[in-house]
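To keep things clear, I will list the structure first and then write my remarks on it.
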Amino acid sequence: MIIVIDGPAGSGKSSTAKAVARKTGYDYVDSGAIYRALAYLYNTLGKDQRSLLEKLEDHQLHFDFNHTDVRVRHMDTDITEAIRSMPVNQSVSEVAAMPEVREVVRKLLRDITQGKNAVLDGRDLGTVVFPDADLKIFLTADLETRAARRFEELSGQPFEGSLEEIKTNLQKRDTLDSQREVAPLRKADDAMIVDSTHLSFDEQVARILNYIRT
Ligand code: C5P
């Protein structure tokens with residue numbers, strides 16, 4: 001069984017997907033982490049697209065997806081935390097718009113979930129990567145709510161952004177992700193919309209679990 005949760009940045013997809021995975025015993029796969037790792041690599045290569053595409057062949061990135069999390073390595077360096085940093089936030093949508101990159105990630109996601117029960121979160125999972133998913137959710141919330149939640153989540157962490165910066169980054173990523181030519185952020189026709197603006201976290205998880213049961 002494959003459950004996909006797509007939606008804009010900061011809509012709570014990953015925490016929701018993790019909670020759904022815990023409740024169902026399914027594996028959790030964070031597809032954004034793969035794009036983030038590629039963006040990290042892109043930044044270390046001086047933002048050179050050709051070098052990035054060459055390095056994709058070299059298997060320099062390693063993803064260790066366990067039940068509810070992913071650890072990411074670039075050669076011998078653990079970059080699990082670094083892929084959440086502002087420099088990565090700022091270049092990830094540019095990297096995710098490269099068609100060659102999307103094809104590599106699409107294949108990787110299909111491979112790692114082959115024959116498994118999994119919950120995945122992303123942008124194009126219901127439309128492009130898993131058009132055959134058993135359940136498709138489009139999780140959304142208004143921009144103010146998403147920025148405030150992200151700000152709270154990051155408070156106390158070594159982080160260089162203000163609420164305003166977070167809001168600007170979310171908005172910019174949504175625009176880039178929705179307007180790119182290849183696999184834009186879009187609700188699949190057969191996806192169920194969950195708008196969490198006025199829902200508590202537990203309520204949004206419960207709605208999705210309800211869809212799984214029915
Ligand atoms: O989900 P997260 O915010 O970590 O994703 C980071 C970025 O990766 C998104 O802004 C988007 O550009 C890209 N992404 C994507 N398709 C996915 C998952 C993420 O384009 N399936």
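Quick one: net charge around ASP58, please, counting Lys, Arg +1 and Asp, Glu -1 for every other residue with C-beta under 15 Å from its C-beta.
Residues near ASP58 contribute -2 overall.
Give the shape of the stretch 70-201 as rounded, prolate or oblate, defined through the alpha-carbon gyration tensor: a ≥ b ≥ c are the square roots of its eigenvalues, a/c under 1.5 means rounded, and otherwise the shape is prolate if a/b is larger than b/c and oblate if not.
Oblate, since a/c reaches 1.5 and b/c is not below a/b.
Could you work out the helix-only [θ] at 222 nm for the chain, with each DSSP H run of four or more residues adding -39,500 (n - 2.57) and the total divided by the number of residues, to the nearest 500 deg cm²/dmol?
-15000 deg cm²/dmol
Antiparallel DSSP bridges in the chain: what percent, to the nearest 5?
30 percent
7 Å from Cα along Cα→Cβ at both ARG50 and ILE112: what's the point-to-point distance in nm?
3.0 nm
Classify the stretch 2-66 as rounded, prolate or oblate from the Cα gyration tensor: take a ≥ b ≥ c as the square roots of its eigenvalues, call it rounded if a/c is under 1.5, otherwise prolate when a/b beats b/c and oblate if not.
In terms of gyration-tensor shape, prolate.
Once you sort the root eigenvalues of the Cα gyration tensor of the stretch 3-141 as a ≥ b ≥ c, which label holds: rounded (a/c under 1.5), prolate (a/b larger than b/c) or oblate (the other case)?
Because a/c hits 1.5 or more and a/b exceeds b/c, the stretch 3-141 counts as prolate.
Which net charge results when you count Lys and Arg as +1 and Asp and Glu as -1 among the other residues whose beta-carbon is under 11 Å from that of ILE212?
+2
Please give every one of the lysines within straight-line cross-link reach of LYS107, meaning a C-alpha to C-alpha distance under 18 Å, and leave out same-chain neighbours fewer than 8 residues apart.
List returned: LYS55, LYS116.
Only the coordinates and a few stated rules stand behind these numbers; no lab work does. Not measured: the values here are computed from a predicted model. Every residue, glycine among them, receives a Cβ derived from its backbone with ideal geometry; neighbour counts consider all protein chains shown.
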